[in-house]
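Student: Dropping a structure here in structure tokens format, bear with me for questions.
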Number of protein chains: 2
Amino acid sequence: MAANNRNTPILTPETLLNHWQGHRRLTRRMIEAFPEDKLFSFSVGSMRPFSELAMEFLKMAEPITRGVATGEWVSKDLTTPGTKVELLALWDQATTAINTIWPTIPPHRFREVDKAFGQWEGEGIATILYAIDNEIHHRGQGYVYLRALGIEPPAFYDRS
Amino acid sequence: MAANNRNTPILTPETLLNHWQGHRRLTRRMIEAFPEDKLFSFSVGSMRPFSELAMEFLKMAEPITRGVATGEWVSKDLTTPGTKVELLALWDQATTAINTIWPTIPPHRFREVDKAFGQWEGEGIATILYAIDNEIHHRGQGYVYLRALGIEPPAFYDRS
């Protein structure tokens, strides 16, 4: 037990992966909750439809995991699919990729400062937390879209 | 350096406090960004106005910090104030309280399972992350409110 609060380990890679994949399961349920046409077209206040927000999550998740693991920052060239089924398939592919890459992240990389995609400087943990927070942030916007459509969104607290 | 990924420390109490207070600074800017009347009245899809979302954050933040620190889970009896200035004052009081209580959290409490407010069972870290995630989630909804009002929200990435 560390005597000093400043250096106490409070989160492990495994806990963080489970935390993120729990959020990603909720986001997947959000994609499912949208009617097919509304997923690709509906928004409020001239914002992006939820499909485009989900694509942003996909463009960050696997590439960031790989970048923290390897130090190589390669953007993922993804085109928004035309159907919910295809979007969910991309989602599931990313889930598998993240689970596969995650255990290969060298422990020190979480605390090492790197420049993600040559642009955003920070510790690996900060870049990963940014991806998670960004997903929560935009997914929250999707909740408003669903409410505006009269659809009950999935429970925020359920990460199963 | 741990040889095993599973137990590698990747986040310290100090880093997590800075992360949370960075998010709380952004939420404070959101409160400021709302026109006085809209803060207490406007929403989309019959959801709560942003003032009520901010009150929810306040009801969680300091009591959860104290609960993780002490094991005593005491709800904060807060009434929604009538003005933005008063709401911001409550926000700033909570900021100070969190900063004061945080260093007193015994290190082991982050990983210890407790039942928050006698209801929600989980490690201290999970309860704190829930409070942060809940704030990000509902704040994202506030972004839609501002966009629907034609107001540019503060930048998500700016936590200064």
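Laboratory data are not the source of any read-out in this text; all were calculated from the coordinates shown. Just so you know, these numbers come straight off a predicted model, no measurement behind them. Note that each Cβ is placed from the backbone with ideal geometry, even for glycine, and that neighbours are counted across all protein chains shown.
Student: So what is the relative contact order for chain A, in percent, with contacts set as C-alpha pairs under 8 Å and at least six apart? Could you put the intermediate results ahead of the total?
Tutor: Values: 154 pairs, mean separation 46.4, N = 160.
The value is 29 percent.
Student: Still on this structure: If you take the charge dipole of the protein assembly as shown about its Cα centre, with +1 on Lys and Arg Cβ and -1 on Asp and Glu Cβ, which of A:Thr100, B:Gly118, A:Thr27 is farthest toward its positive end?
Tutor: Result: A:Thr100, furthest along the dipole toward the positive end.
Student: Another question, if that's okay. To the nearest 10 degrees, how steeply does helix B:13-33 sit against the main Cα axis of chain B, on a 0 to 90 scale?
Tutor: 10 degrees
Student: Tell me, in nm to one decimal, what length is gained between B:Leu149 and B:Thr96 on full extension, where the rule is 0.36 nm per residue of separation less the Cα-Cα distance? Display every interim value, and only then the final one.
Tutor: Working: separation 53, 0.36 × 53 = 19.08 nm, distance 3.16 nm.
15.9 nm is the gain from fully extending B:Leu149 to B:Thr96.
Student: At 7 Å along the Cα-to-beta-carbon direction for both B:Arg111 and B:Ser41, put a label point, then send me their distance in nm to one decimal.
Tutor: For the pair B:Arg111/B:Ser41, the computed spacing is 5.3 nm.
Student: Cα to Cα, under 22 Å, and not fewer than 8 places away if on the same chain: which lysines meet these conditions relative to B:Lys76?
Tutor: Filter leaves B:Lys59, B:Lys84, B:Lys115.
Student: What do you get for the angle between helix A:50-70 and the principal long axis of chain A? Use alpha-carbon atoms, 0 to 90 degrees, nearest ten.
Tutor: It works out to around 20 degrees.
Student: Nm distances between the label at A:Leu149 and the same-position labels in the remaining copies, 7 Å along Cα→Cβ, shortest first?
Tutor: 2.6
Student: Taking a point 7 Å out from Cα toward Cβ as the label site, list the nm distances between A:Asn18 and the same residue in every other copy, smallest first.
Tutor: 2.7
Student: Inter-copy label distances at B:Thr83, 7 Å along the Cα→beta-carbon direction, one decimal in nm, shortest first?
Tutor: Inter-copy label distances (nm, one decimal, shortest first): 5.9.
Student: Moving on to the next point. Which residue fluctuates most in the GNM of chain B (Cα springs below 10 Å): B:Arg147, B:Arg66, B:Arg28?
Tutor: Evaluated over chain B, the most mobile residue of the options is B:Arg147.
Student: Can you give me the angle between helix A:84-101 and the longest principal axis of chain A, using Cα atoms only, in degrees from 0 to 90, rounded to the nearest 10?
Tutor: Computed tilt is about 10 degrees.
Student: Let me ask something else. Rounded to the nearest 500, what is the 222 nm mean residue ellipticity of chain A from helices alone, with -39500 (n - 2.57) per DSSP H run of 4+ residues and division by all residues? Please list the in-between numbers first.
Tutor: Working: 5 runs with 91 residues, N = 160.
Calculated mean residue ellipticity at 222 nm is -19500 deg cm²/dmol.
Student: Based on the alpha-carbon gyration tensor of the protein assembly as shown and its eigenvalue square roots a ≥ b ≥ c, which shape applies: rounded if a/c is under 1.5, prolate if not and a/b is larger than b/c, or oblate?
Tutor: On the way: a/c = 1.69, a/b = 1.01, b/c = 1.67.
Oblate.
Student: Shifting gears a bit: Where does each of A:Ser41, B:Ser43, A:Ser46 land when they are ranked from fewest to most other beta-carbon atoms within 10 angstrom? Each step should come with its number before you reach the end.
Tutor: Working: A:Ser41 12, B:Ser43 20, A:Ser46 8.
Ascending number of Cβ neighbours within 10 Å: A:Ser46, A:Ser41, B:Ser43.
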